[in-house]
Ligand code: NAP
Ligand code: F7E
């Protein structure tokens, strides 16, 4: 249909991609997700959506696959959520991280410039770009000082997005999103790891949980609310970048405290620090000043920290109960 809005989402198999696809389907878009070829399918997070979206192969490492996709689909909007997004892996695989997370953005922007410069583009920027923060809270004007190859790669993606706006007049936006979590979070990230670990202890499936830095402070929000802002940014008259977060900060220790308490336990006997989970360089403290988004996009987070932890723990308990073999087997 000529009037149908078409959208391409990279990273659709990830946490945010799955929530964004749900939102865009609800809004009536024709949603195409770009997936990379793998020997086995990895569609767990979008299994409930596969009959309502289209999946097409492409890879941020392969320029021609991006050009062909845009030529075939002629999307009105592109959301670039694909990345190597795990900070510790960026220390062990810094070059691959740069290829995906940094250069991948330029490949996509070049494809847009070549195929259709009217396409609106969203780039998934990150609070990790702030790194060693010079001021707190962090807003759109806070200087960047990244502390990981991931943060450096994201900063490249951020600047190139802005440069294509200024140099070629493309409608490109960066959302500088602080940590956002959900039951669909990858299991290696600390919130999901704590939710799963605490649930395992409570169900008698584990005796302890090993973590790294318990004093790191993060501004954690609820992922389904954060994808709303990605869409909102592309509906504005002009392309503008925004910081998105809750404005509230908690330590990983507090996350443990609330998660175990929700299960009727004191976290202290169960949580141990294991040096292998410490990073070569740590971002100690992140806190968002999202007042510009409140003002201009009328966006505010709705789920509190305690509610977020409880949503994640409840989901883990349910999942583990479903997976647990019946008694006597
Ligand atoms: P995620 O769950 O790790 O998902 C990453 C996605 O990228 C997956 O779909 C993955 O596909 C895809 N991908 C990786 N390399 C690719 C490549 N070479 N070509 C095509 N696709 C590739 O990440 P997320 O938490 O949803 O985050 C979404 C985006 O926001 C990421 O760019 C992340 O860096 C950024 N971000 C996240 C947060 C947060 O707190 N979640 C905060 C700020 C920014 P496979 O399934 O094939 O691996
Ligand atoms: O770590 C500490 C760790 O891996 C959070 C990504 O989505 O958000 C995410 O990056 C904090 C860090 O997320 C463990 O040292 C302690 O201080 O959950 P994380 P992250 O590194 O903040 C940003 C905004 C992104 O853009 C990224 O893509 O928790 N921590 N113990 C631990 N972290 C992990 N993973 N595992 C531990 O055992």
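Points worth noting:
- Residue in region 298-309 that is modelled with pLDDT of 95 or more, under 28 Å from residue 92 (Cα atoms) and either within 16 Å of ligand 1 (Cβ to nearest atom) or not assigned by TED's automatic domain parsing to the domain that holds residue 168 (or both) present: no
Condition check ((1) within 22 Å of residue 61 (Cβ to Cβ); (2) surrounded by fewer than 24 Cβ atoms within 10 Å (Cβ to Cβ); (3) touching a residue at least 40 places away in the same chain (Cβ under 8 Å)) across all residues:
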residue: 12; (1), (2), (3): yes, no, yes
residue: 30; (1), (2), (3): no, yes, no
residue: 33; (1), (2), (3): yes, no, no
residue: 39; (1), (2), (3): yes, yes, no
residue: 49; (1), (2), (3): no, yes, no
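- Number of residues in region 169-187 that are within 12 Å of ligand 2 (Cβ to nearest atom) and farther than 15 Å from residue 14 by Cα: the value is 4.
- Put simply, of 225, 248, 237, 207 the only residue that is closer than 22 Å to residue 15 by Cβ, more than 11 Å from ligand 2 (Cβ to nearest atom) and surrounded by fewer than 17 Cβ atoms within 10 Å (Cβ to Cβ) is 248.
- Flag for residue 21 being touching a strand residue (DSSP E or B) at 6+ places or on another chain (Cβ under 7 Å), farther than 20 Å from residue 157 by Cα and either within 14 Å of ligand 1 (Cβ to nearest atom) or in the same structural domain as residue 115 (by TED's automatic domain parsing) (or both): yes
- Selection count, region 63-91, where residues are farther than 21 Å from residue 125 by Cα and out of contact with any helix residue (DSSP H, G or I) (no Cβ under 6 Å at 6 or more places or on another chain): 8
- Under the condition of being free of Cβ contacts under 8 Å to residues at least 60 places away in the same chain and part of a helix (DSSP H, G or I), the residues counted in region 127-153 number 3.
- Qualifying residue in region 167-190 (condition: within 16 Å of ligand 1 (Cβ to nearest atom), touching a strand residue (DSSP E or B) at 6+ places or on another chain (Cβ under 8 Å), at pLDDT 95 or above and over 24 Å from residue 234 (Cα atoms)): yes
- Residue check, residue 242 under 18 Å from the mean Cα position of the chain (by Cα) and closer than 30 Å to residue 148 by Cα: yes
Let's see how each residue does on (1) free of Cβ contacts under 8 Å to residues at least 24 places away in the same chain; (2) touching a helix residue (DSSP H, G or I) at 6+ places or on another chain (Cβ under 6 Å); (3) not assigned by TED's automatic domain parsing to the domain that holds residue 123:
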residue: 169; (1), (2), (3): no, no, no
residue: 174; (1), (2), (3): no, yes, no
residue: 198; (1), (2), (3): no, yes, yes
residue: 207; (1), (2), (3): no, no, yes
residue: 213; (1), (2), (3): no, no, yes
residue: 258; (1), (2), (3): no, yes, yes
residue: 266; (1), (2), (3): yes, no, yes
residue: 271; (1), (2), (3): no, yes, yes
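- Some residue of region 104-111 being out of contact with any helix residue (DSSP H, G or I) (no Cβ under 8 Å at 6 or more places or on another chain) and surrounded by 17 or more Cβ atoms within 10 Å (Cβ to Cβ): no
- Note on region 285-320: residues that are loosely packed, with under 15 Cβ neighbours inside 10 Å and part of a loop (DSSP other than H, G, I, E, B) amount to 4.
- Qualifying residue in region 136-143 (condition: near ligand 2 (Cβ under 9 Å from one of its atoms), buried (at least 23 other Cβ atoms within 10 Å of the Cβ) and more than 25 Å from residue 264 (Cα to Cα)): no
- Taking the numbered list (1) more than 13 Å from ligand 1 (Cβ to nearest atom); (2) within 30 Å of residue 276 (Cα to Cα) in turn, residue 38 passes all entries but (1).
- Among the residues of region 188-204, those that are more than 10 Å from ligand 2 (Cβ to nearest atom) and surrounded by fewer than 17 Cβ atoms within 10 Å (Cβ to Cβ) comprise 203, 204.
The values are calculated or read from the model by the stated rules, or taken from the named source; none is laboratory data. Since this is a predicted model, take the numbers as computed values, not measurements. Using ideal geometry, Cβ is built from the backbone for each residue, glycine included, and neighbour counts are taken over all protein chains shown.
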